[in-house]
Amino acid sequence: MNGWSALDRFLRTDPRDVGCAEAMQMLHVYAELVAVGASAEQRYPGIAAHLRACGPCGEDFEGLLAAVCDEAQ
Amino acid sequence: MQALAGTGPRRDDALARLHERLLRIARREAARRGPLLSISGPELDDVAYQAAADALLAITAKIGQFRGESRFTTWAYKFAIFEVSAKVGRHFWRHPVVPLAAEDWDRLPARFGFDPAHQAEWRDLFAVLGRAVDTELTPRQREVFVAIVLNGVPLDTLVLSLASNRNAIYKMLFDARRKLRAALAADGYLSDDSSRRL
């Protein structure tokens, strides 16, 4: 990724973005849907948009998803 | 879950089993984030122990809020992840690499990976961006932009520093991003459909 596309991506905001509070509230539900291959993004587009843009929430999601997948094995 | 809501030895046993699981999750999460923290060994294990203990407290306090939308363990693990996340932010807060309010604007292009060898292509862009930061953003939005974007301060660390919360800081940065994009679009550097001019 070059500088232009990195800057472009950073400044792009998605109006569907629900913010951290709502994403954190539903993160366990979202992570389980992703873990089983269900259509989490279609069901919760605002959470998907947020997790793409928010580094800390994205990290929390990755951690929870790993825990859920580990539990399922 | 019923045992956790109960009393006596059965509850104690359920708490011990849940703590064991939370500790396993917290250890793995701390290890996953360890490279970011530049800590390892006993110190990292201490982060995991504290996170598991605090997660257990949060779960027992909020168990009445569990609505059965997921497995109980998934809901519970979320607290362990959040606690590790919070402790990582606290670690950066205690060991800051760059002062939160330092302002070395010359390093902003590098933060986005712009090649210094092609400075002629982006110098004007950053002049416009710098002006927009000063004229379009509120003082608080500017402060958040400088800390997170210019100085690379983790968002959760800034949350602690400003005694705020993640949602409020994210929203401030979200609004700042939107305003800066509009300013760059008005000058033709980026368009509203996210394509750039060059």
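The values are calculated or read from the model by the stated rules, or taken from the named source; none is laboratory data. If you're wondering where the values come from, they're calculated on a predicted model, not measured in any experiment. Quick reminder, even Gly has a Cβ in these numbers, built from the backbone with ideal geometry, and neighbours come from all protein chains shown.
Observations
For (1) at the interface with another protein chain (Cβ under 10 Å from one of its Cβ atoms); (2) within 20 Å of B:Met172 (Cα to Cα), each residue gets a yes or a no:
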site	(1), (2)
B:Thr73	yes, no
B:Glu103	no, yes
B:Asp106	no, no
B:Phe114	yes, no
B:Glu121	yes, no
B:Pro139	no, yes
B:Phe145	no, yes
B:Ile148	yes, yes
B:Val159	yes, yes
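- Scanning region A:1-23 for residues that are among the basic types (Lys, Arg) and facing chain B (nearest Cβ under 7 Å) yields a single hit, A:Arg12.
- The residue that is surrounded by the most Cβ atoms within 10 Å (Cβ to Cβ), among those in region B:163-180 that are more than 8 Å from chain A (Cβ to nearest Cβ) and in contact (Cβ under 8 Å) with a residue 12 or more places away in the chain, is B:Ala176.
- Flag for B:Ala163 being of a type outside the set (S, T, N, Q) and not in a helix (DSSP H, G or I): yes
- Residue count for region A:40-59, restricted to those that are farther than 21 Å from B:Asp192 by Cα, within 11 Å of chain B (Cβ to nearest Cβ) and crowded, with 16+ Cβ neighbours inside 10 Å: 3
- Region A:24-39 residues that are within 16 Å of A:Cys57 (Cβ to Cβ) and within 9 Å of chain B (Cβ to nearest Cβ), paired with ones that are β-branched (Val, Ile, Thr) and part of a loop (DSSP other than H, G, I, E, B) (beta carbon under 9 Å, 6 or more apart): A:Met26/A:Val18
- Count of region B:104-123 residues which are in a helix (DSSP H, G or I) and either loosely packed, with under 11 Cβ neighbours inside 10 Å or touching a residue at least 60 places away in the same chain (Cβ under 8 Å) (or both): 5
- Helices (runs of 4 or more DSSP H) within region B:1-76 that include 3 or more residues within 19 Å of A:Ala67 (Cβ to Cβ): B:8-37, B:41-62
- Residue that is nearest to the chain's Cα centre (by Cα) [pool: residues in region B:53-71 that are modelled with pLDDT of 95 or more and more than 14 Å from chain A (Cβ to nearest Cβ)]: B:Asp54
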